Amino acid sequence: MPSDDAKAAPAGGPPTDGSGFGVYIHWPFCLSKCPYCDFNSHVRHAAIDEPRFLRAFLTEIAATAGRAGGRTVNSVFFGGGTPSLMQPATVGAILDAVGRAWTVAPDVEVTLEANPTSVEATRFRGYRAAGVNRVSLGVQALDDGALKRLGRTHTAQEALAAVAIARAVFDRYSFDLIYAREDQTPDAWAAELKRAIAEAAEHLSLYQLTIELDTPFAALRAAGKLTIPDEDCARALYDMTQEICAGAGLPAYEVSNHARPGAECRHNLVYWRMQEYAGIGPGAHGRLDLDGTRHATATEKRPEAWLMRVESLGHGLVTDDNLTREEVADEFLLMGLRLAEGIDPRGYARIAGRSLDPRRLAILNQEGAVEITPDGRLRVTPAGFPVLDAVVADLAA
Ligand SMILES: C[S@@+](CC[C@H](N)C(=O)[O-])C[C@H]1O[C@@H](n2cnc3c(N)ncnc32)[C@H](O)[C@@H]1O
Ligand code: SF4
């Protein structure tokens, strides 16, 4: 893995021939739990035994390569939780293990998700030296009141300072914002988004607030103490997001992800183009092609239980399902139609053993929800994206 202290080389777009291979590494700990979040993230008041977790990561990487060797890694993604709580040496040791387990593409993209606090930003140079060449920062809002309501522990100014450090250290960085928040007006969001774009280089992830089951936000909403924009207002905010970003040269390449053309997150594309990826760490999911079948893998979610499982069995897998043809075809639609580039209907036919229903396609096309591009790809139109789930369900039926 790269370990020089020079600015990491920018990684280009991913391969489109299905040959990409990604490695996802999940760090499951956070300093506090945000009330909207249902990711597999945990707060521990005792110190985390990082060397012990590292040994388990290395064991699981070796075990996965034992089943799925011979791949060339195009992307490594440290997600969480809060991977920016890891020591740079831990990240470096994991990347070294990835390099021992598989061939690593010379232009590999190595992303690490970071919370934008000053403490974490001080580790950015260490991450770069360890081989990380892209960071993704969870800025969430550029408004201190909103950050407080989201349970964030940083201010907008602190987040922007972390973005500035990311810009100085890495050629590639992205940050996340959450919109359609409580009391957020279209004008306020437009101003916030324009300010964010001025700070963004090549990539922004813009997520509409989702009230996830069993989160404190779900309870507040049920108690009438949290009101989020209604469907029409959320739709107006979404449309405005598309317009402002496209106008600034950051069109959506996926429902919530915007990039300058060529600067898309390679790891994201591995998922949405149905390429293979290994899931390492607690609660990590993977998709591996083994003996001619696509396997859906998942590891134990609870961090300490995952650790003990890896220590006793040599891996943390709790799910390793052979997907049926139909299941792979459904995933192909579900993932691929999230992308602005859409899918190749011939690819669908190859996987499913049947073509998409031309009558359904014609109806969706007449309704303005999908279109066929001049090179024969099927894609969802801007008008279809807000009802993507219904479009996919219709095509997959
Ligand atoms: C794994 S999470 C967070 C990474 C990092 N721990 C942080 O908070 O900065 C990735 C992103 O998902 C988004 N996200 C999480 N929960 C969400 C929700 N309920 N609605 C919308 N976006 C959400 C946030 O923007 C977050 O940055
Ligand atoms: S949003 Fe990020 S920091 Fe907050 S609980 Fe989720 S993973 Fe942790």
- Applied in sequence order to the range 306-322, the curve 6.51 cos²θ - 1.76 cosθ + 1.60 (Karplus, θ = phi - 60°) yields integer Hz couplings, x standing for Gly and Pro, of 4, 4, 5, 5, 5, 5, 8, 9, x, 7, x, 5, 10, 9, 8, 9, 7
- Query: Which are the unpartnered cysteines of the chain, meaning those with no other cysteine Cβ under 4.7 Å from their Cβ?
  - Reply: CYS30, CYS233, CYS245, CYS265
- Within a Gaussian network of the chain (alpha carbon springs, distance under 10 Å), most fluctuating of ALA198, ALA93, ALA166: ALA198
- Roughly speaking, what is the centre-to-centre gap between the range 363-391 and the range 168-217 when only Cα atoms are used, to the nearest Å? 26
- Task: Please get the size of the charge dipole for the range 173-249, origin at its Cα centre, with Cβ charges of +1 on Lys and Arg and -1 on Asp and Glu, quoted in debye to the nearest 20.
- Result: 140
- Of the candidates GLY151, TYR271, PRO88, the farthest towards the positive dipole end of the chain (Lys/Arg Cβ +1, Asp/Glu Cβ -1, centred on the Cα centre) is PRO88
- Along the charge dipole of the chain, which of ALA352, LEU333, VAL139 sits closest to the positive end, that is, farthest toward it, with unit charges on the beta carbon of Lys, Arg, Asp and Glu (+1, +1, -1, -1)? VAL139
- Message: What number results when the radius of gyration of the chain, computed over Cα atoms, is divided by 2.2 N^0.38 Å?
- Response: 0.98
- Message: Using a 10 Å cut-off around each Cβ, can you sort CYS265, CYS37, CYS233 from fewest to most neighbouring Cβ atoms?
- Response: CYS233, CYS37, CYS265
- Message: Going by amide H atoms built from the backbone, whose H comes under 5 Å of the H on ASN40, apart from near neighbours?
- Response: GLY81
- Residues other than LEU193 with Cβ under 13 Å of its Cβ, Lys/Arg counted +1 and Asp/Glu -1, net out at -4
- Message: Over the chain, with a Gaussian network built from C-alpha contacts below 10 Å, which listed residue (SER312, SER84, SER174) shows the highest mean-square fluctuation?
- Response: SER312
- Item | Mean Cα-pair separation over length for the range 304-397, i.e. relative contact order, pairs under 8 Å, 6 or more apart, % | 25
- So what are the ³J(HN,Hα) numbers for the range 27-42, from phi and the Karplus equation (6.51, -1.76, 1.60; θ = phi - 60°), rounded to whole Hz, Gly and Pro as x? 9, x, 10, 9, 6, 8, 9, 6, x, 9, 9, 10, 5, 6, 10, 9
- Any chance you could run the full-extension gain for GLU311 through ARG325? It's 0.36 nm times the residue separation minus the Cα-Cα distance, nm to one decimal. 1.6 nm
- Item | Label point distance in nm, THR153-ASP49, each placed 7 Å from Cα along Cα→Cβ | 2.3
- Query: Simple spin-label model, 7 Å along Cα-to-Cβ: ARG346 to LYS194 in nm?
  - Reply: 4.6
- Item | Candidates ASP183, ASP291, ASP214: whichever shows maximal mean-square fluctuation once the chain is modelled as a Gaussian network with Cα springs under 10 Å | ASP291
- Item | Pairs of Lys in the chain closer than 24 Å at Cα, counting only those 8 or more apart or on different chains | 5
- Task: Using only the Cα atoms of the range 348-397, each taken as one equal point scatterer with no solvent, compute I(q) by the Debye sum, divide by I(0), and report log10 of the ratio at q = 0.20 Å⁻¹.
- Result: -0.67
- Item | Value of relative contact order over the range 45-190, rounded to a whole percent, pairs C-alpha under 8 Å and six or more apart | 21
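Each value in this text was obtained by applying a stated rule to the coordinates, not by laboratory testing. Because the structure is a prediction, the values reported are computed rather than measured. Cβ atoms come from the backbone with ideal geometry, glycine included; neighbour counts cover every protein chain shown.
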